[in-house]
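Worksheet for the structure shown next.
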Protein chains: 2
Amino acid sequence: MDQSADGKREMAAAPALAWLAGAGAAARAATRLLAATPLEARNAALRAAALALRAAEAEILAANEADLAASGSQGAFRDRLALDPTRLAAMAAGLEEIAAQPDPLGRVLAEWRRPNGLHFRRIATPIGVIGMIYESRPNVGADAAGLCLKSGNAVILRGGSESLRSARAIQAAITQGLREASLPEAAVQIAPEADRAYVGAMLEGGGVIDLIIPRGGRSLVERVQREARVPVLAHAEGLCHTYVHASADPAMARRIVANAKMRRPGVCGATETLLIDAAIAPALLPLIIADLAALGCAFRAEPRARAILPDLPAAAPADFDTEWLAPVLSVKVVDGVAEALAHIARHGSAHTEAIIAEDRAAAEAFLAGIDSAVGLWNASTQFCDGGEFGFGAEIGIATGQIHARGPVGLEQLTSFRYIVEGSGQIRP
Amino acid sequence: MDQSADGKREMAAAPALAWLAGAGAAARAATRLLAATPLEARNAALRAAALALRAAEAEILAANEADLAASGSQGAFRDRLALDPTRLAAMAAGLEEIAAQPDPLGRVLAEWRRPNGLHFRRIATPIGVIGMIYESRPNVGADAAGLCLKSGNAVILRGGSESLRSARAIQAAITQGLREASLPEAAVQIAPEADRAYVGAMLEGGGVIDLIIPRGGRSLVERVQREARVPVLAHAEGLCHTYVHASADPAMARRIVANAKMRRPGVCGATETLLIDAAIAPALLPLIIADLAALGCAFRAEPRARAILPDLPAAAPADFDTEWLAPVLSVKVVDGVAEALAHIARHGSAHTEAIIAEDRAAAEAFLAGIDSAVGLWNASTQFCDGGEFGFGAEIGIATGQIHARGPVGLEQLTSFRYIVEGSGQIRP
């Protein structure tokens, strides 16, 4: 068998494409079956999978140990990849929590009758076959499998190649759950090899994937958005603002800003930029900065803020376009709602913004003027989270404009279709 | 100025990209303003644009005459491109009908309170900046502009290059309407030149287009789906089935099948394949076929249908995968709901299917078993239309699985965001 350079490329991709064709056909059949499956069967599979995860603790941790040893990874990467009994228990509990959620399928989203007698219903249905591409974080695969199963979607999981042994061990438990509930095992599949050609095949879609959900760092998400030939529901950037209005309750503002920035500085809903009205800044900004500094936060301040607090480091122009994901805060003094809105329109990422204000008119003007997925009044931007929204669990947060924005939970993993009942109507 | 071959390519694309950057920024500002504009202002712009269209009849028809002369086109292409006073009046009336529709913006789609006191509302918002890519059909541009304006979206229109003069003349009238209502003219823009580089720039998106809607033939839609780097809401294929169950009322079945196939054979909701139960076929199929033949329909029949009607032409295997869009019907005899569903799962395009049945259990099994955007019971598949759904007007029909399925009207042109009201909550 002689191979040209081109031939080699083909040979590398062909197994992945062939695999996807087979996996996709099985997944399509599985989602059709799941869509017609009563809630109780889907929940039974979730609960059985949770039990199987717990029962397989030793195997899963051993597989994870092998992944860790092979990857030789350190630091944050190792922390994401590593499993322990606590994390495994949380994974199992997560599946049980998903089982306890109401059924996202079959909801009648709208219903009406036309003058010709036709009766319309819009009904929630699964999206279909979802491709989940994520980094070496085994729990992401388990959560995604649970959410997709509950919402009637089949999922093809492709985690980071360093986590393949862990992913296989977890999938075995989920497969057991599906089997015990007599549901198709093809509802949850994983790419069988670490070869990156499988990512390429999934992004191509091959006519079998309805939606790709990437989850991970920015380079992963951007690659998926750039290369995918199928729709993508993704989280791009969370450059969130907290705006302290002149009417803010000072104590509330201090408490909320400290939480919005420092509770977990690395999450997408963390505040990256503080905007504060000039009328209140001389009195309040020093207190807010002192609170944050005591928590270990650093600052990048523009001139009007430095006029109040000369010791603050000066901000470079790019700082207000930077998603820090770290204990760093950009600080700017503004003259009211209009300037705050203009700054957010120019520098924000339409993710999450908060206003701290006692003045209802100011808050309403702010909330109406932003274009962000989530706008909060007198609450921390860190509430941008599926659990905090009451969605139970989330598969991620969407920053695009279509299908879903903000936390993506079970409801957001559904699509819809129309059922139209007539009595012999023909169209004139 | 010496230009390499590569240089030339760059030079060709650069003006289009530069134009899009400017148009996109203006469009972004316009959608933000529209989102905050009361319904009455948007409606006033629509009504003023309708009046301006009527007032500019002579100019628009002259521009269209010039387009027709320059294109030298004939037949169906010419028919799509050509305007006359009747079509122009329909275009203006269309804008007034859109003005009469309820406001799609600001609807509270969901509302709830969490145990911590946070109050959540999910509110309908514009999608943002929509790119509309369509063939040389001037009325598509006017409809799209009206629907986008009403739903608060800015739209960048790119019709077929042969219709550029007509598109400009129509846009001038819409611009006048925007001006009279003091709304930003950048809400409705058109690509300024016939150069296809503008299509390329729009598909690239340049970070300014939130959604591309292609409307036209399959090659146009497929190009857009293949090349777009931004989300696409598109109509791919309408391979629709009508299934006549054994319990069907024969007279109703004859009436509906004739309408579903022959009312307008070229629309996407036209039935392409007739499935009929073996129990009723010997008595009913000859009558259905005779009705259709009298209307000028041709047939492609599989062996069991030909066993009943030997004169029917034999179907080739590919015929059941063919969207005829013409007076041709594929015909197959099946043994009940399960076989009908299996055929549709294999050959359908998840667009629109109908069952004709008196047996409610059979109808429900059929409607639950299909995965199509629209399922009808005892009604014609040709009802798959925004107007027939009561949506007023539609910008197209979507065949994907996310954001919207079926007719895309004003509601489907919206997205949503969350407004969260608190009283100082921080996240634990």
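The values are calculated or read from the model by the stated rules, or taken from the named source; none is laboratory data. Because the structure is a prediction, the values reported are computed rather than measured. In this analysis, Cβ positions are derived from the backbone assuming ideal geometry, glycine residues included, and neighbour counts consider all displayed protein chains.
Against the numbered list (1) outside any helix (DSSP H, G or I); (2) out of contact with any Gly (no Cβ under 9 Å at 6 or more places or on another chain); (3) within 30 Å of B:Val129 (Cβ to Cβ), B:Ala236 comes up short only at (2). Check region A:339-359 and report whether any residue there is surrounded by fewer than 16 Cβ atoms within 10 Å (Cβ to Cβ) and without any contact (Cβ under 8 Å) to a residue 24 or more places away in the chain. Yes, the conditions are met somewhere in region A:339-359. Among the residues of region A:327-343, just one is closer than 24 Å to A:Pro286 by Cα and within 11 Å of chain B (Cβ to nearest Cβ), namely A:Leu341. Taking region B:1-71 as the region of interest, the helices (runs of 4 or more DSSP H) fully inside it that hold 2 or more residues being surrounded by fewer than 17 Cβ atoms within 10 Å (Cβ to Cβ), in contact with a helix residue (DSSP H, G or I) (Cβ under 6 Å, 6 or more places away or on another chain) and modelled with pLDDT under 95 are B:5-35. Within region B:141-165, being farther than 14 Å from B:Asp67 by Cβ and hydrophobic (A, V, I, L, M, F, W, C) holds for B:Ala142, B:Ala144, B:Ala145, B:Leu147, B:Cys148, B:Leu149, B:Ala154, B:Val155, B:Ile156, B:Leu157. A single entry from B:Gly128, B:Gly152, B:Gly160 fulfils the requirement of being under 20 Å from B:Asp79 (Cβ atoms) and either without any contact (Cβ under 8 Å) to a residue 60 or more places away in the chain or not charged (D, E, K, R) (or both): B:Gly160.
Figure legend. Inter-residue proximity from region B:310-335: first residues within 17 Å of B:Ile288 (Cβ to Cβ), second residues buried (at least 17 other Cβ atoms within 10 Å of the Cβ) and β-branched (Val, Ile, Thr), beta-carbon distance below 6 Å, spacing 6+ or different chains. Indicated pairs: B:Ser330/B:Thr273; B:Val333/B:Ile276.
Being in contact with a strand residue (DSSP E or B) (Cβ under 9 Å, 6 or more places away or on another chain), outside the structural domain of B:Val108 (by TED's automatic domain parsing) and modelled with pLDDT of 95 or more is not true of B:Ala338. Being within 21 Å of the chain's Cα centre (by Cα) and within 14 Å of another protein chain (Cβ to nearest Cβ) holds for only one residue in B:Pro104, B:Pro115, and it is B:Pro104.
Among the residues of region A:243-299, those that are part of a loop (DSSP other than H, G, I, E, B) and either modelled with pLDDT under 95 or buried (at least 23 other Cβ atoms within 10 Å of the Cβ) (or both) comprise A:His245, A:Ala248, A:Gly266, A:Val267, A:Cys268, A:Gly269, A:Ala270. The residue that is surrounded by the fewest Cβ atoms within 10 Å (Cβ to Cβ), counting only those in region B:181-191 that are aliphatic (A, V, I, L, M) and over 22 Å from B:Gly396 (Cα atoms), is B:Ala181. The listed residues are B:Ile130, B:Ile170, and the only one of them that is out of contact with any Gly (no Cβ under 9 Å at 6 or more places or on another chain) and closer than 30 Å to B:Ala16 by Cβ turns out to be B:Ile130. When region A:373-397 is filtered for residues that are modelled with pLDDT of 95 or more and under 22 Å from B:Leu211 (Cα atoms), the ones remaining, listed by number, are A:Ala373, A:Val374. So which residues in region A:234-272 are within 11 Å of chain B (Cβ to nearest Cβ), within 14 Å of A:Asn378 (Cα to Cα) and not aliphatic (A, V, I, L, M)? A:Asp249, A:Arg254, A:Arg255, A:Asn259 - these are the residues of region A:234-272 that are within 11 Å of chain B (Cβ to nearest Cβ), within 14 Å of A:Asn378 (Cα to Cα) and not aliphatic (A, V, I, L, M). Is region A:73-93 home to any residue that is over 22 Å from A:Gly387 (Cβ atoms), small (Gly, Ala, Ser) and either part of a strand (DSSP E or B) or touching a residue at least 60 places away in the same chain (Cβ under 8 Å) (or both)? Looking through region A:73-93, at least one residue is over 22 Å from A:Gly387 (Cβ atoms), small (Gly, Ala, Ser) and either part of a strand (DSSP E or B) or touching a residue at least 60 places away in the same chain (Cβ under 8 Å) (or both).
Quick test for you: out of A:Val208, A:Val224, pick the one residue that is within 14 Å of chain B (Cβ to nearest Cβ) and part of a loop (DSSP other than H, G, I, E, B).
None of the other options fit; the residue is A:Val208.
The number of residues in region A:96-105 being touching a residue at least 60 places away in the same chain (Cβ under 8 Å) and buried (at least 18 other Cβ atoms within 10 Å of the Cβ) comes to 4.
Quick check on region B:106-154: of everything there that is of a type in the set (Lys, Arg) and not in a strand (DSSP E or B), which residue is farthest from B:Ser423 (Cα to Cα)? Only one residue tops the list, namely B:Arg137. The set of residues from region A:208-230 being surrounded by fewer than 18 Cβ atoms within 10 Å (Cβ to Cβ) and either under 13 Å from A:Trp19 (Cα atoms) or among the aliphatic types (A, V, I, L, M) (or both) comprises just one member, A:Leu220.
On the given criteria, is B:Gly207 on the phi > 0 side of the Ramachandran plot and assigned by TED's automatic domain parsing to the domain that holds B:Asn139? So B:Gly207 fits the description; yes. When A:Ala172, A:Ala194 are checked against the criterion of being small (Gly, Ala, Ser), surrounded by fewer than 19 Cβ atoms within 10 Å (Cβ to Cβ) and modelled with pLDDT under 95, a single residue qualifies: A:Ala194. Looking across region A:374-414, the residues that are surrounded by 24 or more Cβ atoms within 10 Å (Cβ to Cβ) and more than 16 Å from the chain's Cα centre (by Cα) come down to A:Gly375, A:Leu376, A:Ala379, A:Ser380.
Screening A:Ser136 against (1) in contact with a Phe, Trp or Tyr (Cβ under 8 Å, 6 or more places away or on another chain); (2) surrounded by fewer than 22 Cβ atoms within 10 Å (Cβ to Cβ) leaves a single unmet condition, (2).
Counting only strands (runs of 3 or more DSSP E) that sit wholly inside region A:357-428, those with at least 2 residues that are at the interface with chain B (Cβ under 8 Å from one of its Cβ atoms) and on the phi < 0 side of the Ramachandran plot are A:374-379, A:414-425.
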